[in-house]
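These notes concern the structure reproduced below.
Bear in mind these aren't lab numbers, they're just calculated from the coordinates by the rules spelled out. Quantities reported herein were computed from a predicted structural model and do not represent experimental measurements. Every residue, glycine as well, gets a Cβ built from its backbone with ideal geometry; the counts of neighbours run over all protein chains shown.
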Amino acid sequence: MVSCAKDNFKEIVGVCPVVLSTNPSDGASGVPFNQIITVTFNEKMNAATITPASFTVSATNTIAGIVSYSDSTAVFTPFSPLLPNTTYTGRVTTSVKDLLGNALQSDYVWTFSTGAFFVNLNSAARFGILAGVGISNLAGQSEIHDMDVAISPGVRSSVTGFPPAIILNGAIYASDDVIPSGVPAMLVQAKLDLANAYLFVEGITFPAPTAVSGDLGGRVLTPGIYKSQSSLLIQSGNLTLDAQGDANAVWVFQIASNLTTIGGSGGNIILSGGAKANNIFWQTGSSATIGDFTTFKGNVLALSSITMKSGATIEGKLFARNGAVVLTDTNIINKP
């Protein structure tokens, strides 16, 4: 047996407490922003010694969170999501002791890092259209490719124009479906995941947002967060999103009111430098309109409704939290 130091400068014979494992592990990368950090010991510990002072997580500064303990595991739950592309240091100090008073013999320190910021749609990701109260195809054979279509809390009778609209390699689900079993609960979860994704996109502030306004037509934008305090327009030229060779590049557009694209002299979204439509998120505090015969890229998260005008196409997904999705005439929705 070995002797373990106590805080009253005496020693006690017994098993020295040690850290067996952490989650995230030492050196882990790509850690999710909503990660809960845990430390598991080789024995049961004195819960009173595991506090925000003895169990810390820090980057530039110590981050705020709740510390709890159960059985042999200490848990740190951050108050706010972790930041992207950031290295964090976890520390458990020698003031942590077991039930007999044996102290951790030295501070346990480890590091982990987060990846690039991203929006996790969770169970909503399977849908090319997810609407609250209505889905309609007004004319022509619109097509949704390789994704499902769903409405909740709206019911199946509020899905109209299918056919002539068709879904290739996908199906329609509604909140009043009884077959297959479990559809209503599945859609409730999907709408909850959509709401969480919407709020995350609306509220993310790191990297620092770039203010934009008016018409983005003709501009070239590199990855990042772009914030508009009112409506946003794409009309006088195409908007190019340039990943600059980064396949994981992400764009977030935070739009307080409406998003509108207008065809004619532009109105399209062009991807370059390895940019991917699945990594582009358009959050609107009101509605979105994708203009006649324009080509759109990315995932639209609208608080209200989304309309695709005649001949418009999208590589992406249409999420209308509280409103409807309207396909006007012969629209194409491709999986990003």
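So what is log10(I(q)/I(0)) for segment 2-114 at q = 0.11, 0.12, 0.24 1/Å, when the Debye sum runs over its Cα atoms only? For segment 2-114 at q = 0.11, 0.12, 0.24 Å⁻¹, log10 I(q)/I(0) is -0.34, -0.41, -1.32.
Size of segment 26-88: Rg and Dmax of its alpha carbons, in Å, are 12.2, 35.
DSSP beta bridges fully contained in the chain are about 30 percent antiparallel. Under 5 Å between amide hydrogens, built in the peptide plane, is the criterion, and for SER113 it picks out ALA28, SER29, GLY30, VAL31, TYR88 among residues at least 5 positions away or on other chains.
For the peptides 223-231, 62-70, 134-142, residues were scored by their other Cβ atoms within 10 Å and the scores averaged per peptide; the highest-first order is 134-142, 223-231, 62-70.
In nm, what is the difference between 0.36 nm times the number of residues separating SER29 and VAL178 and their Cα-Cα distance?
Numbers: separation 149, 0.36 × 149 = 53.64 nm, distance 4.29 nm.
Computed gain between SER29 and VAL178 is 49.4 nm.
Computed over every Cα-Cα pair of segment 185-305 and binned at 10 Å starting from 0, the pair-distance distribution P(r) comes out as 14, 45, 33, 7, 0 percent. So how tilted is helix 183-203 from the main axis of the chain? Cα-based, degrees 0 to 90, rounded to 10. Relative to the chain, helix 183-203 is tipped by roughly 80 degrees.
Here the calculated FRET efficiency for ALA171 and THR87, from their Cβ-Cβ distance with R0 = 51 Å, stands at 0.70, rounded to the nearest 0.05.
Full-extension gain between SER157 and ALA47, please, as 0.36 nm times their residue separation minus the C-alpha to C-alpha distance. Could you put the intermediate results ahead of the total?
Numbers: separation 110, 0.36 × 110 = 39.60 nm, distance 5.59 nm.
Computed gain between SER157 and ALA47 is 34.0 nm.
Mind ordering 179-187, 105-113, 249-257 by average Cβ neighbours within 10 Å, highest first? Please report the intermediate quantities before stating the final value.
Numbers: 179-187: 13.2, 105-113: 15.7, 249-257: 21.0.
The packing order, highest mean first, is 249-257, 105-113, 179-187.
Could you grab the Rg to Rh ratio for the chain? Cα atoms only, Kirkwood for Rh. When Rh is taken as the Kirkwood radius, the ratio is 1.13.
Cut-off 10 angstrom, C-alpha nodes, Gaussian network model of the chain. Which of GLY273, GLY263, GLY323 fluctuates the most? Greatest mean-square fluctuation among the candidates belongs to GLY273.
What does the extension gain come out to for PHE206 and SER272, with contour length at 0.36 nm per residue minus their alpha carbon separation?
Values: separation 66, 0.36 × 66 = 23.76 nm, distance 2.33 nm.
Contour length minus Cα-Cα distance gives 21.4 nm.
Diagonalising the gyration tensor over the Cα atoms of segment 121-264 and scaling each eigenvalue by 5 before taking the square root yields semi-axes of 32, 19, 15 Å, largest first.
For the listed peptides 17-29, 150-162, a ranking on the average number of other beta carbons within 10 Å per residue, highest first, reads 150-162, 17-29.
The lysine pair count for the chain, using Cα distances under 28 Å and pairs eight or more places apart or on different chains, is 26.
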